[in-house]
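> Just passing along the structure, written as structure tokens.
The values are calculated or read from the model by the stated rules, or taken from the named source; none is laboratory data. Being a predicted model, the structure only gives us computed values, none of them experimental. Backbone-built Cβ (ideal geometry, glycine too); neighbour counts: all protein chains shown. Protein only, heavy atoms only, side chains kept; ligands, DNA and RNA dropped before computing areas. Shrake-Rupley method; radii C 1.70, N 1.55, O 1.52, S 1.80 Å.
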Amino acid sequence: MDSEEDMHDANDLESLDDDFYSGETGMGSDDGDGDYDFVDNESDGSEDIISNRQQQSYIILSEADIKHRQEEDINRVSAVLSLSRVGVCILLRYYNWSVSRVHDEWFADEENVRKVVGLLEKPTEMPNGRELCCGICFENYPRDMMSSAACGHPFCGACWRGYIGTSISDGPGSLSLRCPDPSCGAAVGQDMINSLASDEDKEKYSRYLLRSYIEDNRKTKWCPAPGCDFAVEFIMGSGSYDVSCNCSYAFCWNCTEEAHRPVDCSTVSKWILKNSAESENMNWILANSKPCPKCKRPIEKNQGCMHITCTPPCKFEFCWLCLGAWSDHGERTGGFYACNRYEAAKQEGAYDESERRREMAKNSLERYTHYYERWATNQSSRQKALADLHSMKIEKLEKLSDKQSQPESQLKFVTEAWSQIVECRRVLKWTYAYGYYLPEHEHAKRQFFEYLQGEAESGLERLHQCAEKELQSYFDSESPSKDFNDFRTKLAGLTSVTRNYFENLVRALETGLKDVESGDNHATCSKSSSSKTISAKVKGGKSKVVGIVSRSVGPSRSSDGGNVWSCDRCTYANTKPSNTCQMCHQHRT
């Protein structure tokens, strides 16, 4: 039974509004240009999702924070139960550091708790005598060279050190160490470890005890990034599982894989398993090779004639097309580059099943390759963007400040743009895993998904191009550029527009594209050279146009019979009578 005493109450947290998709960007123009002055999104029924995203759902804990919390819990239980620190550590460790559970169990049946964890109510002294026999090596030693737990069973120092050292070497199980006597269940506490173990073993034991505070508590986990010593306390019931550690690594609390919004954990698990499984190798073999008719080893043919010779020791010669022995072939069967027997048998349907299986494997492999290559490409792009962001923060921002005579505080729009690129690459990467598992028969959902993904991707490419290549000219200039403020406005605007594109994409995927009916009669996607339209069936039963993007460049104008107008800034086609762009919030001119 958990309660507020288990960990610090989540209500004590300040609400930190730093989530990526909170929408609070604060990237307005400094030069008074109104081109990129954005207003809040209009309500579209997703206020509950947005409000969840705006709340900080976790706390990052350093090693000092963990030690402080651990000591607080130990002192609190010690004060209530009037037990020593060593005894309280044994109790809390047994009950997974749950303060409330320790109190409940202790006051319900103290005697049983003591028996279970090995805490004796009345410690027993070692037998009196000048010499005592060690219970492990059975040698006699002076009494002052012997030690015992609370049970009084005496063992010599060397045997104690060996027993403790072996247990600690075996791992965290040493935290539940008991008396070496097989018939005794008395607990061995940290006080005996500190007095009898080597310095190395004492350090290991302390590390195990500290780590158990995180690992045994279901509300806390270690950051899975290599070499990171931060832990995370998660507030149960929060809207998002995404956690961004202080080491800059983002991961999913639920499955501890890298952060993968808006894709769910089961899809990520299937995708990772598929990437590492041998099934795709078998699909490739089936699609691109044929078995030797004699030894059955797969053979790939990528050029040359139809005369195939298997590798030693088989050396069987056969026809690639019909798989018959080459000794039965010659000019009369079509020569080296054709096979009349194969063509005749194919017309009779003899190869239908094998060809069908090969064609299915080839199509499956091509589809998987399509999604995997784009998933991997965005992963590589994200890694490069991370390196560029790090370089920008460490050295390039200072250089740009000198070149353009601008204080670094006025150049935050550059790092904000790169941070946006990094996050958008992560989201875009996982949308390809989502697309792979989206059922083929749900045509409307697939079309709507591909539309949203395409618009988000094109917006990201524009932002990446601006932040990478256009920014370079300002590094290369010898003197401050007159149009730098215009560039600031453009980059900040592209950052905000791209964020809006990805907000739409994330929101749609997290709700399972529920706005779109699976039937083609309810959702259609019409593509033309001038515009792209997606219709969706909304909860109220009415159809609405959820996305029309004009591909023409020019001033705002009416299209589609005068029912829509195209935004000057982002080219998004909006429905009348709205005078504000639904994508970038630019007012209609």
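> On alpha-carbon atoms, Rg over Rh for the range 95-195 using Kirkwood Rh?
My calculation puts Rg/Rh at 1.02.
> Scan around residue 186 for amide H atoms under 5 Å from its own, H built in the peptide plane at 1.01 Å from N, and keep only partners 5 or more places away or cross-chain.
Answer set, sorted by chain and number: 179.
> Next up: Please find the FRET efficiency linking residue 289 to residue 62, where r is the Cβ-Cβ separation and R0 is fixed at 45 Å, and quote it to the nearest 0.05.
Computed FRET efficiency for residue 289 and residue 62 comes out at 0.25.
> Once you've got the Cα coordinates, tell me which of 384/412; 296/362; 115/219; 469/490 are over 18 Å apart.
Violating the 18 Å limit, Cα to Cα: 384/412; 296/362; 115/219.
> Provide the per-residue ³J(HN,Hα) series for the range 396-411, in order, calculated from phi with Karplus coefficients 6.51, -1.76, 1.60 and θ = phi - 60°, each as a whole number of Hz, with x at glycine and proline positions.
Couplings: 5, 5, 5, 5, 5, 4, 5, 5, 9, 6, 10, x, 4, 5, 8, 10 Hz.
> Subtract the Cα-Cα distance of residue 415 and residue 301 from 0.36 nm times their separation in residues, and report this length gain in nm to one decimal.
Stretched fully, the residue 415-residue 301 segment lengthens by 35.9 nm.
> If you take the charge dipole of the range 124-237 about its Cα centre, with +1 on Lys and Arg Cβ and -1 on Asp and Glu Cβ, which of 182, 209, 153 is farthest toward its positive end?
209
> Right, here's the next one. Based only on Cα atoms, what mean projected area does the convex hull of the range 386-504 have, in nm²?
Result: 7.6 nm².
> Between residue 299 and residues 5 or more places away or on another chain, which pairs have amide H atoms under 5 Å apart, with H built 1.01 Å from N, and which residues are they?
Distant-sequence amide H within range of residue 299: 290, 292.
> Across the range 100-108, in residue order, what do the Karplus-derived ³J(HN,Hα) couplings come to in whole Hz, using 6.51 cos²θ - 1.76 cosθ + 1.60 with θ = phi - 60° and x for Gly and Pro?
With coefficients 6.51, -1.76 and 1.60, one gets 5, 5, 4, 4, 4, 5, 5, 6, 7 Hz.
> Additional query: Could you run the Karplus curve 6.51 cos²θ - 1.76 cosθ + 1.60 with θ = phi - 60° over the range 242-257 and give me ³J(HN,Hα) per residue in whole Hz, x for Gly and Pro?
Taking θ as phi minus 60°, the curve returns 6, 10, 10, 6, 5, 7, 5, 8, 9, 9, 8, 5, 5, 10, 6, 6 Hz for the range 242-257.
> Per residue, how large is the accessible surface of the range 121-207? Use a 1.4 angstrom probe and give square angstrom.
56
> I want to check the label-to-label distance for residue 138 and residue 225. Put each point 7 Å from Cα in the C-beta direction and report it in nm to one decimal.
Calculated label separation equals 5.7 nm.
> Taking all protein chains in place and a 1.4 Å probe, what share, in percent, of the accessible surface of the range 136-180 do carbon and sulfur account for?
52
> How big is the range 170-320 along each principal axis, measuring the range of its Cα positions in Å and listing the largest first?
Largest first, the range 170-320 extends 80, 47, 28 Å along its Cα principal axes.
> Looking at the range 142-256, what % of the alpha carbon pairs are farther apart than 19 Å?
Counting pairs separated by more than 19 Å, the tail of P(r) holds 56 percent.
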